[in-house]
Amino acid sequence: MRILSGVQPTGSIHIGNYLGATKQWIELQKNNECVFFIADLHSLTTPHNSADLQKNILEVAVAHLAAGIDPQKSVFFIQSKIKEHTELCWLLNTVCPIGDLQRMTQYKEKARQFKKDINAGLLNYPILQAADILLYKTEAVPVGKDQVQHIELARTIAKKFNQKFGKVFTEPKAMLSKFGAKIMALDNPKKKMSKSLDPKGCIFLFDEPEEIKKKIMSAVTDMGKEIKYNPAKKPGVSNLLTIYSLFSEKPIKEIEYSFKGKGYAQFKNLLAELLINSLEPFRRKRKELLARDIYIHETLKLGAKRAQIIAESVMLEVRQKMGLI
Ligand code: ADP
Ligand code: TRP
């Protein structure tokens with residue numbers, strides 16, 4: 001299958017990003033044709049500091065390579081290097097209904113958060129995302145739950161385009177990890193873990209052991225003292241159990257059983273230890289890669305070359321169908 005996904009260069013990745021998206025990418029690249037990229041153009045729609053952008057792109061690239069993206073297997077590049085993304089975005093603008101854009105949850109949330117800068121890019125964000133996806137005739141898009149609405153819009157746009165101009169695009173589907181598609185913030189288990197909304201509630205993939213320990217020990221738990229999975233009544237403990245289960249690869253039932261009669265403190269201690277150990281290889285790999293920035297730049301350049309070949313051939317079809325040539 002042709003698989004594609006993107007990530008914005010907005011800070012470090014946290015275990016929610018990892019469990020909801022990146023971990024799936026690493027698995028999928030074993031048996032599929034994968035395209036992964038850093039969505040720098042998308043990141044311009046919210047306030048950013050241009051002096052930091054290149055540093056952030058490098059940081060995200062390192063994070064994903066450290067997490068296990070293999071540039072031999074996957075095409076890995078920076079979005080803005082392939083001009084066809086923006087060209088296709090414009091063409092799809094003429095197919096996408098405005099009403100659909102105004103209905104997007106992420107647009108409404110961000111418009112509320114950045115009241116002083118509701119630019120047209122924020123509204124048109126999903127069209128660029130649709131262009132990213134359709135340009136590579138993507139079949140499946142591994143993302144967290146919050147992105148499903150955008151993938152469905154990409155599907156609608158593909159359908160409309162194909163009906164109007166003749167079949168070019170594949171209709172993509174979102175691909176969610178069964179469990180872990182929504183990891184909650186440690187300081188507020190009713191909200192998703194999010195670096196852009198609340199960095200305090202995040203455990204980052206490269207946090208040092210002391211930080212991990214501190215964050216887990218102070219994570220919000222619930223009334224009572226039982227270690228039991230019940231997201232409605234015990235959202236805090238359920239979130240920690242989900243994290244425990246995903247990193248230990250043990251079913252939740254088994255974990256509940258092993259903590260029967262033990263308190264939150266003991267559970268949190270062992271969870272902190274599990275996370276410290278599980279994240280150790282990522283910390284080590286990141287440090288190695290940070291010292292090899294020429295290699296990282298070359299890898300991304302090579303990825304862009306491979307992406308360019310697909311993008312050019314699909315754009316030729318699109319221009320032909322739309323009557324541009
Ligand atoms: P953030 O909200 O932290 O800024 P991004 O918007 O950069 O995250 O998302 C990057 C990827 O991680 C997306 O595929 C998104 O669906 C996924 N993701 C983000 N937060 C979570 C979460 N708390 N749980 C699971 N997946 C998530
Ligand atoms: N909007 C996605 C996010 O915030 C990032 C993204 C950009 C993306 N283009 C994409 C994800 C194409 C999947 C496919 O996480």
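The values are calculated or read from the model by the stated rules, or taken from the named source; none is laboratory data. Please read all numbers here as calculations on a predicted model, not as lab measurements. Cβ atoms come from the backbone with ideal geometry, glycine included; neighbour counts cover every protein chain shown. For accessibility, only protein heavy atoms count, side chains too; no ligands or nucleic acids. Shrake-Rupley method; radii C 1.70, N 1.55, O 1.52, S 1.80 Å.
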Any pair with Cβ under 6 angstrom, 6 or more apart, that starts in the range 107-124 at a residue that is assigned by TED's automatic domain parsing to the domain that holds Thr45 and within 14 Å of His150 (Cα to Cα) and ends at one that is open to solvent by less than 70 Å² (accessible area, probe 1.4 Å) and basic (Lys, Arg)
Leu122/Lys110
Of the residues in the range 12-23, those that are open to solvent by 30 Å² or more (accessible area, probe 1.4 Å) and either near ligand 2 (Cβ under 10 Å from one of its atoms) or of a type outside the set (Ser, Thr, Tyr) (or both) come to Asn17, Lys23
Give Thr94, Thr138 a once-over and let me know the one that is hydroxyl-bearing (Ser, Thr, Tyr), away from ligand 2 (no atom under 16 Å from the Cβ) and either over 24 Å from Cys34 (Cβ atoms) or crowded, with 20+ Cβ neighbours inside 10 Å (or both).
Thr94
For the range 60-87, how many residues are within 16 Å of ligand 2 (Cβ to nearest atom) and either closer than 19 Å to Trp25 by Cα or open to solvent by less than 30 Å² (accessible area, probe 1.4 Å) (or both)?
15
Return yes when Ile243 is of a type in the set (A, V, I, L, M, F, W, C), in a loop (DSSP other than H, G, I, E, B) and open to solvent by less than 20 Å² (accessible area, probe 1.4 Å) and no when it is not.
no
In the range 149-169, the residues that are within 15 Å of ligand 2 (Cβ to nearest atom) and not in a helix (DSSP H, G or I)
Phe169
Starting from the range 41-61, keep only residues that are over 23 Å from Pro126 (Cα atoms), then list their pairs with residues that are outside any helix (DSSP H, G or I) and not small (Gly, Ala, Ser) whose Cβ atoms are within a distance under 8 Å, requiring at least 6 positions of separation or different chains.
Glu59/Pro9
When Asp146 is evaluated against the numbered criteria (1) in a helix (DSSP H, G or I); (2) open to solvent by 20 Å² or more (accessible area, probe 1.4 Å); (3) in contact with an Asp or Glu (Cβ under 8 Å, 6 or more places away or on another chain); (4) of a type outside the set (Lys, Arg), which criterion, by number, is the only one it fails?
(3)
Exception for Phe267 within (1) surrounded by fewer than 19 Cβ atoms within 10 Å (Cβ to Cβ); (2) at pLDDT 95 or above falls at (1)
Determine, yes or no, whether Asn124 is touching a Cys at 6+ places or on another chain (Cβ under 8 Å), of a type outside the set (Ser, Thr, Tyr), farther than 20 Å from Leu176 by Cβ and more than 11 Å from ligand 2 (Cβ to nearest atom).
yes
In the range 170-177, is there at least one residue being open to solvent by 30 Å² or more (accessible area, probe 1.4 Å), within 11 Å of ligand 2 (Cβ to nearest atom) and closer than 29 Å to Asn239 by Cβ?
yes
Restricting the range 198-211 to residues that are within 21 Å of Val60 (Cβ to Cβ) and in a helix (DSSP H, G or I), the one farthest from ligand 1 (Cβ to nearest atom) turns out to be Glu211
Hits in the range 296-311 - residues which are surrounded by 12 or more Cβ atoms within 10 Å (Cβ to Cβ) and not basic (Lys, Arg):
Ile296, His297, Glu298, Thr299, Leu300, Leu302, Gly303, Ala304, Ala307, Gln308, Ile310, Ala311
